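The values are calculated or read from the model by the stated rules, or taken from the named source; none is laboratory data. Computed from a prediction, not measured in an experiment: that's the story for all the values here. Because the Cβ atoms are built from the backbone with ideal geometry, glycine has one as well, and the counts that use them run over all protein chains shown.
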Amino acid sequence: MHERQCLDICPDRTFAEYVDHPIFEEQIWQCGQCNKDCKTCKFATMCETCVGNMKFYDFTCVEKCPVGRTVENTTAGTCEPCNNACATCGGHVDTCKSCWSGMKLDLTTNMCVQSCPAEITVEAQDVCLGCKKPCLRCDDDVTTCTQCQPGYVLYKSTCLTACPANISVLVEQECEPCHDDCKSCGVAFDVCTSCYGTAYLYQGECTWGCNDGTYLTLQDVLQTGEDPKPDRVCKDCHESCQDCEGNPQNCTQCAQGTYLMYTAAGTGQCVTACPYG
């Protein structure tokens, strides 16, 4: 019954309730009045849908959804509760903004986890921070790279677009620093192209002097960001010389069975026999 009329169902903003008849000693069904913000309700204060721009939340109708614990569904006009794993959420019910005690917020997925994913995140104050691009994997902190994204190479825990010239070489997407003996290197980390201090360069190695069968020459070596500087380089003597000086064909010592002869220009040559006269 509603407003002295018998109805099959109660209209909006009312609900069916079983009450005592005011005159007869019996109970009857009548349509009670919902809370003013309810469009339909189960009981006076238990809304099922809301009027106007009110939002349905926990069987009540509110002007704004509670921030942090709910997300507004604009299509349905409801306040959707956060995923149970989230202490608070935003934007979407599964997008956690904070976590319950004992859980950690993974900022790479916006999910709450028991422990931060190894290698791709670093834990800091119960938050899992993603490795900083272009790091693909990291360790200790977000900028200490252990692996790089495609298009980058790893050099001393940093991701670069190319290996630093002269001081490193590329080996399987990692820049291998030159060997400690090398000031600079080329085709491999232990193939030196220049040496430190007074060391001598010979066939990719740094030595403390030119061995027999080699001679000293100076060449300009250009280091990145530096002016050209002379480098001590040992080169092989001509095959006819056992030892030489200044240039490969200026012999100073000959192999057994050959003889040292000086030319008019003052250079030494090794001959199989001394000329007559």
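In the stretch 33-68, what count of residues is obtained for those that are among the β-branched types (Val, Ile, Thr) and either surrounded by fewer than 14 Cβ atoms within 10 Å (Cβ to Cβ) or in a loop (DSSP other than H, G, I, E, B) (or both)? Lay out the reasoning, then the answer.
Keep residues of the stretch 33-68 that are among the β-branched types (Val, Ile, Thr), which gives 40, 45, 49, 51, 60, 62, 67.
Next, only the ones that are either surrounded by fewer than 14 Cβ atoms within 10 Å (Cβ to Cβ) or in a loop (DSSP other than H, G, I, E, B) (or both) stay: 45, 51, 67.
Final tally of qualifying residues: 3.
Among the residues of the stretch 102-118 satisfying the criterion of being outside any loop (DSSP other than H, G, I, E, B) and without any contact (Cβ under 8 Å) to a residue 24 or more places away in the chain, which is nearest to Lys133 (Cα to Cα)? I'd like the intermediate steps shown before the answer.
To start, the set of residues in the stretch 102-118 that are outside any loop (DSSP other than H, G, I, E, B) comprises 104-106, 111-113.
The next check asks that each one be without any contact (Cβ under 8 Å) to a residue 24 or more places away in the chain; those that pass are 105-106, 113.
Numbers: Leu105: 19, Asp106: 16, Val113: 22 Å.
Ranking the candidates gives Asp106 first.
Can you name every residue in the stretch 210-228 that is of a type outside the set (Asp, Glu) and at pLDDT 90 or above? If you could, list the steps in order and put the result at the bottom.
So the first thing to find is which residues in the stretch 210-228 are of a type outside the set (Asp, Glu), and the list is 210-211, 213-219, 221-225, 228.
Scanning the stretch 210-228 gives Cys210, Asn211, Gly213, Thr214, Tyr215, Leu216.
Which residues, counting only those in the stretch 151-191, are in a strand (DSSP E or B), surrounded by 15 or more Cβ atoms within 10 Å (Cβ to Cβ) and of a type in the set (Val, Ile, Thr)?
Taking the stretch 151-191 and keeping what is in a strand (DSSP E or B), we get 153-155, 158-160, 168-171, 174-177, 182-185.
If we keep only those that are surrounded by 15 or more Cβ atoms within 10 Å (Cβ to Cβ) too, we end up with 153-155, 158-160, 168-169, 174-177, 182-185.
Correct list: Val153, Thr158, Val169.
Residues of the stretch 83-101 being exposed (fewer than 14 other Cβ atoms within 10 Å of the Cβ) and in a loop (DSSP other than H, G, I, E, B), which ones?
Residues satisfying the conditions are Asn84, Gly91, Trp100, Ser101.
Does Cys116 satisfy the criteria of being hydrophobic (A, V, I, L, M, F, W, C), under 30 Å from Cys65 (Cβ atoms) and touching a strand residue (DSSP E or B) at 6+ places or on another chain (Cβ under 8 Å)? Give the steps one after another, and end with the answer.
Details: hydrophobic (A, V, I, L, M, F, W, C): yes; under 30 Å from Cys65 (Cβ atoms): no; touching a strand residue (DSSP E or B) at 6+ places or on another chain (Cβ under 8 Å): yes.
Judged against the criteria, Cys116 is not a match.
Counting only residues that are out of contact with any Ser or Thr (no Cβ under 7 Å at 6 or more places or on another chain) and either modelled with pLDDT of 95 or more or in a strand (DSSP E or B) (or both), how many does the stretch 70-82 have?
Of the stretch 70-82, the ones out of contact with any Ser or Thr (no Cβ under 7 Å at 6 or more places or on another chain) are 70-78.
Now restrict to residues that are either modelled with pLDDT of 95 or more or in a strand (DSSP E or B) (or both): 70-73, 78.
Qualifying residue count for the region: 5.
For Ile120, all conditions in the list (1) surrounded by 16 or more Cβ atoms within 10 Å (Cβ to Cβ); (2) at pLDDT below 95; (3) closer than 30 Å to Val62 by Cβ hold save one; what is the number of the exception?
So Ile120 meets the others, but not (3).
Out of curiosity, is Cys128 closer than 23 Å to Gly204 by Cα, touching a Ser or Thr at 6+ places or on another chain (Cβ under 7 Å) and part of a strand (DSSP E or B)?
No.
Which numbered condition trips up Glu80, out of (1) more than 20 Å from the chain's Cα centre (by Cα); (2) among the acidic types (Asp, Glu); (3) at positive phi?
(3)
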